[in-house]
1. If residue 81 satisfies all but one of (1) modelled with pLDDT of 95 or more; (2) out of contact with any Leu (no Cβ under 6 Å at 6 or more places or on another chain); (3) closer than 23 Å to residue 26 by Cα, what's the number of the condition it fails?
2. Being at pLDDT 95 or above and within 17 Å of residue 147 (Cα to Cα) is true for just one of 96, 90. Which residue is that?
3. If only one of 17, 61 is among the aromatic types (Phe, Trp, Tyr), within 16 Å of the ligand (Cβ to nearest atom) and closer than 24 Å to residue 137 by Cβ, which one is it?
4. Which residue is nearest to the ligand (Cβ to nearest atom), if the candidates are limited to the stretch 20-35 and must be of a type in the set (A, V, I, L, M) and part of a helix (DSSP H, G or I)?
5. With the structure loaded, tell me whether residue 65 is at pLDDT 95 or above, in contact with a strand residue (DSSP E or B) (Cβ under 8 Å, 6 or more places away or on another chain) and in a loop (DSSP other than H, G, I, E, B) or whether it fails that test.
6. Being assigned to a strand (DSSP E or B) and closer than 16 Å to residue 111 by Cβ is the requirement here; does residue 71 meet it?
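The values are calculated or read from the model by the stated rules, or taken from the named source; none is laboratory data. Since we're looking at a predicted model, the values are computed, not measured. When we count neighbours, we look across all protein chains shown, and the Cβ atoms used for this are built from the backbone with ideal geometry, even at glycine.
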Amino acid sequence: MPDSEIKNNYEPKIVAFFCNWCTYTAADLAGVSRLKYAPNVRVIRIMCSGRVDPQFILQAFASGADGVLIGGCHPGDCHYSEGNYKMLRRFRLLKRMLKSLGIAEKRLRLEWISASEGEKVKSVINEMVEQLKVLGPLAIPQSLDKINEELKEIPEEEIREEEPAHA
Ligand code: FES
């Protein structure tokens, strides 16, 4: 099959980690309201965006995801006080790490989406799918698996508390 045909038929896979209290509920609202978003996303419900370990993200890419989306409560609205700020710090760190691996920044996205923002869930997912289609399938750098393994060896506190709160 020619490259152009592969690209035309390409449907990116997105793994989404959605906070139970906001973005997951918003995704549910989008469904109930019949707001159509692309079916390319597999949603994993978590209790707080702060629960997303960097390893989950690397694992998602290593397992074939073309993009990873994280949805959390707006700043100041986290049910666990600072979980979303912690996620933001990890997100910045991960962006730098992915960049050094040659993985495009747009493959990882963090959005604050409250429970009432079903429309935003739809627009973020649809936009991300279009961006990933332009980027094409992710060619996994072989080093990703190695880094993923190394990350398992690092104590959790070292990954989580690298910067002061309220970045
Ligand atoms: S409870 Fe939603 S981001 Fe923390």
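1. Here residue 81 clears every test but (1).
2. 90
3. 17
4. Taking the candidates together, the pick is 26.
5. yes
6. Spelling it out, residue 71 is indeed assigned to a strand (DSSP E or B) and closer than 16 Å to residue 111 by Cβ.
Residues are listed down the side, and each one gets a yes or a no for (1) surrounded by fewer than 20 Cβ atoms within 10 Å (Cβ to Cβ); (2) among the charged types (D, E, K, R); (3) under 14 Å from the mean Cα position of the chain (by Cα):
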{"residue": "64", "(1), (2), (3)": "yes, no, yes"}
{"residue": "87", "(1), (2), (3)": "no, no, yes"}
{"residue": "90", "(1), (2), (3)": "no, yes, yes"}
{"residue": "105", "(1), (2), (3)": "yes, yes, yes"}
{"residue": "112", "(1), (2), (3)": "no, no, yes"}
{"residue": "119", "(1), (2), (3)": "yes, yes, no"}
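Yes/no matrix, rows are residues, columns are (1) more than 16 Å from the ligand (Cβ to nearest atom); (2) surrounded by fewer than 22 Cβ atoms within 10 Å (Cβ to Cβ); (3) assigned to a strand (DSSP E or B):
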| residue | (1), (2), (3) |
| --- | --- |
| 37 | yes, yes, no |
| 42 | yes, yes, yes |
| 50 | no, no, no |
| 56 | no, yes, no |
| 99 | yes, yes, no |
| 102 | yes, yes, no |
| 109 | no, yes, yes |
| 122 | yes, yes, no |
